[in-house]
Amino acid sequence: MTLIKSISGIRGTIGGKPGEGLSPLDVVKFTASYATWAKEKSGKAAITVVVGRDARISGEMVSSLVVATLSGMGCAVVNIGLATTPTTEIAVTEEKADGGIILTASHNPKQWNALKLLNASGEFLNAEEGARILEIAEAEDFSFAEVDDLGAITEKDYTDFHVQHVLNLDLVDVEAIKKANFSVAIDAVNSVGGIAMPALFKALDIKKVVEINCEATGHFAHTPEPIPENLLETAEIIKNSGVDVGFVVDPDVDRLVIINEDGRMFNEEYTLVAVADYILGQTPGNTVSNLSSSRALRDVTEKHGYTYSAAAVGEVNVVAKIRETNAIIGGEGNGGIIYPTSHSGRDALVGAALFLTHLAKSGLKCSELRKTYPDYFISKNKIELTPDIDVDGILVKIKELYSNEQVTDIDGVKIDFADSWVHLRKSNTEPIIRIYAEAKTMEAAAQLATSIIDKIKSII
């Protein structure tokens, strides 16, 4: 069993003894700790918290515990039930709530679940806020409400609101999408995307929607992380369906992967690149992605005459950099689109609507649009470590070895070469160093990664 307590939330496998997995006792303890922090943050004794969940098998059980615990802490609860992560984020601000809890383990397999914690802006907590919640949990420094002060529980559905919110965005051209008469496919990996994405396509008046794994049962038809090796069958279905474009989302619908009409991968790194290209063609502004994302975004940004900035890995860091640089679009190379005009969180619904608008206005096939962007290839690797290895010391030595190159050290060490880069960072959850390398060919990226791995092994 596994229980991971971090500043970004609590996640673990269902079952086991308290403290070893995500047991009911752990769910209650960390929910109560979050409620205590939210009261401190708001300065109010009575607060409102939004709760939404993905469709995984344990969701109803965990949701019942979370909602009851919040009520027991004297919090008013708006339970929006089955909802995407971005839907829950939007609901927090619409309800003028003091925070939110999303019950999802994102792309993790079915045995996992998690409590992802939001502030009053519907955004993930920063490091200091997350650390405070862990401190409260460690000391069990929380107190439940007396019977007359239990919080009221209200149930609402926010999917339609979210869909309309997307349609109302100025750069989502509903008429252009209708005129293009698109047919689409969607693989929702048996979670809440099977509810939200078809609703979006229906609202966009798309007549032919091929639904793949859209029954929100929580029994994932394939490994839920939307990466190419998990989507071979999906790609074949799309190729044989005669659709113009295929979309794939993860279980909580904050990542969007695109598959061309010919069944080839658009490449998850290029979801953000394509959407940013469209946005920058309509609105002046800068862009942001994390350090491990493709250089293609920088190339496209500079083509439009604007500035690209890199953030440390993690959505909260990307959002902070977006604000710092007044960026108009940002996100992560895993298919995460953050469009601040909508809200400051990754959102596959926003991404799909903007991409369809771009595709409609381009007049190109999906595969043809992909060819308009520079080709880069990322090799993703890792080195497993023993507890006695000084990871920070290794990263310092690598930084010194490449001091003549452009080096960024805000999150591990990233070395930028003329036509390639390599990023080394230690995992927060595993005893490993991740080594991502990007180049103009996969062979060159793999060779770069191997050379860095050899240098690390020589240091160890």
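The values are calculated or read from the model by the stated rules, or taken from the named source; none is laboratory data. As the structure is a computational prediction, the values presented were derived from the model and not from experiment. All Cβ positions, glycine included, derive from the backbone under ideal geometry; neighbour counts span all protein chains shown.
The set of residues in segment 404-455 being among the β-branched types (Val, Ile, Thr) and either assigned to a loop (DSSP other than H, G, I, E, B) or outside the structural domain of Leu385 (by TED's automatic domain parsing) (or both) consists of Ile410, Thr429, Thr441.
Which strands (runs of 3 or more DSSP E) sit wholly inside segment 54-131 and have at least 2 residues that are surrounded by fewer than 20 Cβ atoms within 10 Å (Cβ to Cβ) and either touching a residue at least 40 places away in the same chain (Cβ under 8 Å) or acidic (Asp, Glu) (or both)? Break it down stepwise before answering.
Working: elements: 76-82, 99-103, 112-118.
Per the criteria, 76-82.
Looking at Thr441, Thr429, can you tell me which residue is at pLDDT 95 or above, hydroxyl-bearing (Ser, Thr, Tyr) and out of contact with any Leu (no Cβ under 9 Å at 6 or more places or on another chain)?
Values: Thr429 fails: at pLDDT 95 or above.
Only one candidate passes the filter, namely Thr441.
Among the criteria (1) of a type outside the set (Asp, Glu); (2) surrounded by 15 or more Cβ atoms within 10 Å (Cβ to Cβ); (3) under 30 Å from Ala83 (Cβ atoms), the one Leu385 does not fulfil is (3).
Within segment 167-187, identify whether any single residue is under 29 Å from Val67 (Cβ atoms) and either free of Cβ contacts under 8 Å to residues at least 60 places away in the same chain or crowded, with 17+ Cβ neighbours inside 10 Å (or both), and answer yes or no. Among the residues of segment 167-187, not one is under 29 Å from Val67 (Cβ atoms) and either free of Cβ contacts under 8 Å to residues at least 60 places away in the same chain or crowded, with 17+ Cβ neighbours inside 10 Å (or both), which makes the answer no. When segment 223-274 is filtered for residues that are hydrophobic (A, V, I, L, M, F, W, C), in contact with a Leu (Cβ under 8 Å, 6 or more places away or on another chain) and not in a loop (DSSP other than H, G, I, E, B), the ones remaining, listed by number, are Val245, Phe247, Val248, Val249, Val257, Ile259, Met265, Leu272, Val273, Ala274. Just wondering, is there one or more residues in segment 15-27 that are without any contact (Cβ under 8 Å) to a residue 24 or more places away in the chain, surrounded by fewer than 24 Cβ atoms within 10 Å (Cβ to Cβ) and part of a strand (DSSP E or B)? Yes.
Any residue in segment 142-152 that is under 24 Å from Gly15 (Cβ atoms) and outside any loop (DSSP other than H, G, I, E, B)? I'd like the intermediate steps shown before the answer.
Step one: filter segment 142-152 for residues under 24 Å from Gly15 (Cβ atoms), giving none.
No; the residues of segment 142-152 include none that is under 24 Å from Gly15 (Cβ atoms) and outside any loop (DSSP other than H, G, I, E, B).
Applying the set (1) surrounded by fewer than 22 Cβ atoms within 10 Å (Cβ to Cβ); (2) modelled with pLDDT of 95 or more to Tyr270 leaves exactly one unmet item: (1).
Yes/no matrix, rows are residues, columns are (1) in contact with a Lys or Arg (Cβ under 9 Å, 6 or more places away or on another chain); (2) not assigned by TED's automatic domain parsing to the domain that holds Ser33:
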position: His107; (1), (2): yes, no
position: Lys110; (1), (2): yes, no
position: Ser121; (1), (2): no, no
position: Asp141; (1), (2): no, no
position: Asp173; (1), (2): yes, yes
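Which residue is nearest to Ile47 (Cα to Cα), if the candidates are limited to segment 146-165 and must be within 24 Å of the chain's Cα centre (by Cα) and buried (at least 19 other Cβ atoms within 10 Å of the Cβ)? Top of the filtered list is Tyr158. Taking first residues from segment 287-311 that are closer than 17 Å to Ala439 by Cβ and partners that are hydroxyl-bearing (Ser, Thr, Tyr) and outside any loop (DSSP other than H, G, I, E, B), the Cβ contacts under 7 Å between residues at least 6 apart in sequence or on separate chains come to Leu291/Thr408; Ser292/Tyr436; Ala296/Tyr270; Leu297/Thr287; Leu297/Ser289; Leu297/Tyr308; Arg298/Tyr308. Quick check on segment 202-220. Is at least one of its residues in a helix (DSSP H, G or I) and free of Cβ contacts under 8 Å to residues at least 40 places away in the same chain? The answer is yes; a qualifying residue exists.
Starting from segment 390-408, keep only residues that are on the phi < 0 side of the Ramachandran plot, then list their pairs with residues that are among the charged types (D, E, K, R) and at pLDDT 90 or above whose Cβ atoms are within a distance under 6 Å, requiring at least 6 positions of separation or different chains. Correct list of pairs: Gln406/Asp416; Val407/Lys399; Thr408/Lys414.
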